[in-house]
Amino acid sequence: MRMSKFGSAAAVAALTGVSVLGFGPSASASTPGTCWDNYENAGSGYMSAYSAINCDGHIGAAKGNDLDWGDSSGSFRGGDANQASSVVNKGNYSEVKFYLGSGGNSIFHICLTRAEGFVRNLTDDYWLGDRTFGSVNNAIGSHRWVERTSCSALAV
Ligand SMILES: [Ca+2]
Ligand SMILES: [Ca+2]
């Protein structure tokens with residue numbers, strides 16, 4: 001009886017050891033301090049937004065448009081508006097146009113191209129690329145997928 005109890009405890013420990021190895025750094029969802037892994041791991045065709053810089057604090061991901069990040073429908077909801085501090089574009093065809101506020105038609109926008117891929121820190125990106133209009137950080141309220149020609153300012 002004693003021996004078998006010890007035996008099963010050892011087996012549990014061994015299994016735990018195996019599972020720790022199995023779900024180590026390589027299986028981690030996010031590496032702090034960079035957006036590269038988030039971009040690599042993002043689903044094809046999706047844009048993603050994060051509440052912190054360096055793509056930490058995943059807010060949500062969308063394959064389509066969401067014209068109100070603060071409502072109760074679509075990919076972004078409720079407290080998702082006015083939170084994003086980094087974003088990823090893993091789209092297949094289009095650029096992502098982010099807007100100040102909801103509605104998806106504010107003149108105040110910034111686009112993230114597929115070529116750029118991600119912005120790790122929105123604190124130094126400004127609406128229309130002009131500092132006087134304020135930082136994009138914590139101010140995105142909606143987004144659309146668009147052609148490059150509908151963008152007058154690009155996130156960097
Ligand atoms: Ca934020
Ligand atoms: Ca929404």
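Just so you know, all these numbers are worked out from the coordinates, no wet-lab data involved. Since the model is a prediction, treat every value here as computed from it, not as a measurement. Positions of Cβ are backbone-derived with ideal geometry, glycine not excepted, and every protein chain shown enters the neighbour counts.
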Set of the range 93-112 residues, backbone N closer than 14 Å to the point 7 Å along the Cα-Cβ line of residue 146: 94-112
At 7 Å along Cα-to-Cβ for each site, give me the label-to-label distance between residue 132 and residue 102 in nm. 3.0
Pull up all non-local amide H partners of residue 135: gap of 5 or more, or a different chain, and H-to-H distance under 5 Å with H placed in the peptide plane. none
In the range 36-150 the DSSP beta bridges are antiparallel at a rate, in percent to nearest 5, of 95
Points 7 angstrom from Cα along the Cβ direction at residue 63 and residue 31: gap in nanometres? 2.8
